[in-house]
1. From (1) within 20 Å of the chain's Cα centre (by Cα); (2) in contact (Cβ under 8 Å) with a residue 12 or more places away in the chain, pick out the condition that doesn't hold for Arg68.
2. Mind checking which residues of region 443-482 are touching a residue at least 12 places away in the same chain (Cβ under 8 Å) and of a type in the set (Ser, Thr, Tyr)?
3. From the residues in region 367-383 that are open to solvent by 10 Å² or more (accessible area, probe 1.4 Å) and part of a helix (DSSP H, G or I), which one is farthest from ligand 2 (Cβ to nearest atom)?
4. Among residues belonging to region 22-40 that are out of contact with any Ser or Thr (no Cβ under 7 Å at 6 or more places or on another chain), at pLDDT 95 or above and buried (at least 19 other Cβ atoms within 10 Å of the Cβ), point out the one that is farthest from Ala394 (Cα to Cα).
5. Go through Tyr391, Tyr387 for me and flag whichever is away from ligand 2 (no atom under 16 Å from the Cβ) and in contact (Cβ under 8 Å) with a residue 40 or more places away in the chain.
6. If I ask for residues that are farther than 13 Å from Ile427 by Cα and either in contact with a His (Cβ under 8 Å, 6 or more places away or on another chain) or near ligand 2 (Cβ under 9 Å from one of its atoms) (or both), which ones from region 449-463 would you list?
7. Is it fair to say Ser438 is at pLDDT 95 or above, within 13 Å of ligand 2 (Cβ to nearest atom) and either under 24 Å from the mean Cα position of the chain (by Cα) or within 22 Å of Asn463 (Cα to Cα) (or both)?
Amino acid sequence: MVKLVLVLGDQLSDGLSALGAADKTIDVVVMAEVMGEATYVPHHPKKIAFLFAAMRKFAARLEGQGWRVVYSKLDDADNPKTISGALLAAAQAHGTSEVIATEPGEWRVIKALEDVPLDVTVLPDTRFMATHAEFEAWAEGRKALRMEYFYRDMRRKTGLMMEGDKPAGGQWNFDHDNRKPAPGSVTYEGPLRFQTDDVTREVLTLVRENFSNNFGSLDDFWFATDREQALQHLHHWVQGGLAQFGDFQDAMMGDEKFLYHAIVGLYINAGLLDPLEVCQAVEEAWKHGTAPINAAEGFIRQIIGWREYVRGIYFLEGPEYTSRNALKHNRNLPALYWGEKTWMRCMDKAIDQTREEAYAHHIQRLMVTGNFALLIGVEPTQIHEWYLAVYADAFEWVEAPNVIGMSQFADGGIIASKPYISSGNYIDKMSDYCKGCSYKVKVKTGPDACPFNLLYWHFLDRNRAAFSNNHRMGNMYRVWDKMDAEKRETVLAEADAFLAKLDAGETV
Ligand SMILES: Cc1cc2nc3c(=O)[nH]c(=O)nc-3n(C[C@H](O)[C@H](O)[C@H](O)COP(=O)(O)OP(=O)(O)OC[C@H]3O[C@@H](n4cnc5c(N)ncnc54)[C@H](O)[C@@H]3O)c2cc1C
Ligand code: SF4
């Protein structure tokens, strides 16, 4: 019997397990652009355009390899609207009930496949380095699931930057050489920008017609949309950006959106690049002396460490993970996240570049937009859905642990041993944002005070009970407790006034 081979928008890989288990002379690949997936959160138009264009090109690539592909465009008159609908329509057309799929990266879609009245075989997603069983075995019996130890196992497993059973350079982690503040200027020209072609132009028109009300600009679309382009971009970055990636990975600059970042997350997550090949390209550069060890190790750790680890957590913790709210936060996401004016330059810059590029780098996500949401106590589901919508690399398996766990501490400390919060000091140290801000980062109270300075203490004060047993927070509370009582009252009252303005929809 003919089998249907489901290929989802983030499964655009030649080596996909579902394709490997099928027979191209008999079986039929099913791919569909569907409103159900395009609208479950209001995705950034550039993200939708990237995925639809990459899907169309991948379908053509499969046809070129001899596959029969049933492809539904979003504006086809008989568009099936959901993934299940696409499978049911193809099953009827081809007289079959058998489907082969690779495990989706989202519980919602896994459930949809379970519910479809067809005979669906779900295969593991082999594009990751750790299987679910390996992660579960690693997590079993551990008191704390810290990424660093998992990462070491992944180094041993992949052999990346290993000298026998020892890490290259005698250390697992070279982070003490990284994390320099914002440089005076950036020497890397940034990601390779691709001209639009017939496929991307058609998709851009479609997205403009259907999603123009979504937050995000569709102008100057430059993403790679096929494997060859993504590989070109990777090599461009390895040659031009990698060497200083480590030094400046935590730096932020108002006029530099990309600094030395790789901008490969979207390509890896969609399947255009394989994570191992990306790491091998970096390892090669280090071996050839074109990248220092702190840059190469730091980058490889992000991929085989953090990326694999957060996926492990997502599947270990199950579908309820995204509704966790350990700190019982319930504030609505302020309109400034959707582009309403703010006087906070750091927030303005990070959100504006998100609107333009569907991209912000890790520290902008963690220590600016994430930090602010946590300090003001946004309901975690709302900020989770924001991140899922606005970044081109956002898929729930990777976004949710980063937001619910790492950024919002809503999982109660599974991922982070203490919340990632900071006053304006950290942002000032790592960026050039504060120099041009209407607020004054050194001012702690009064109308000019940086809001992060007020909110930081407000967060600690109102969450005291939740952190009473967290020894890593002890110092922060000691500093707060030593503060003059009158000053503490002023800080809390001014933070409350700021939050009241925010809730009233006033520009802050
Ligand atoms: C609040 C928050 C939300 C995030 N949401 C996403 C998301 O939706 N999708 C996503 O891929 N990453 C997410 N990240 C992780 C990280 O910010 C992005 O992977 C990175 O910014 C992508 O840009 P880049 O390719 O230039 O990465 P680089 O900074 O050049 O890093 C290289 C690669 O390492 C991997 N990586 C680095 N950090 C992480 C991490 N914490 N988790 C997983 N992979 C990591 C990515 O594949 C990334 O492409 C989030 C981080 C935070 C703090
Ligand atoms: S002063 Fe405060 S609000 Fe302004 S950019 Fe610096 S940290 Fe952000």
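The values are calculated or read from the model by the stated rules, or taken from the named source; none is laboratory data. All figures in this text were calculated on a predicted structure; none of them were measured in a lab. Here Cβ is always computed from backbone atoms with ideal geometry, including for glycine, and neighbour counts include all displayed protein chains. With ligands, DNA and RNA removed, areas are computed over all heavy atoms of the protein, side chains included. Shrake-Rupley method; radii C 1.70, N 1.55, O 1.52, S 1.80 Å.
1. (1)
2. Result: Thr445, Tyr456, Tyr477.
3. Checked region 367-383; the qualifying residue farthest from ligand 2 (Cβ to nearest atom) is Thr381.
4. Once the filter is applied, the top-ranked residue is Asp27.
5. Tyr391
6. Across region 449-463, the qualifying residue is only Ala449.
7. no
Conditions (1) free of Cβ contacts under 8 Å to residues at least 60 places away in the same chain; (2) under 23 Å from Thr322 (Cβ atoms); (3) under 29 Å from the mean Cα position of the chain (by Cα), marked per residue:
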site: Gly64; (1), (2), (3): yes, no, no
site: Leu74; (1), (2), (3): no, no, yes
site: Ala91; (1), (2), (3): no, no, no
site: Pro117; (1), (2), (3): yes, no, no
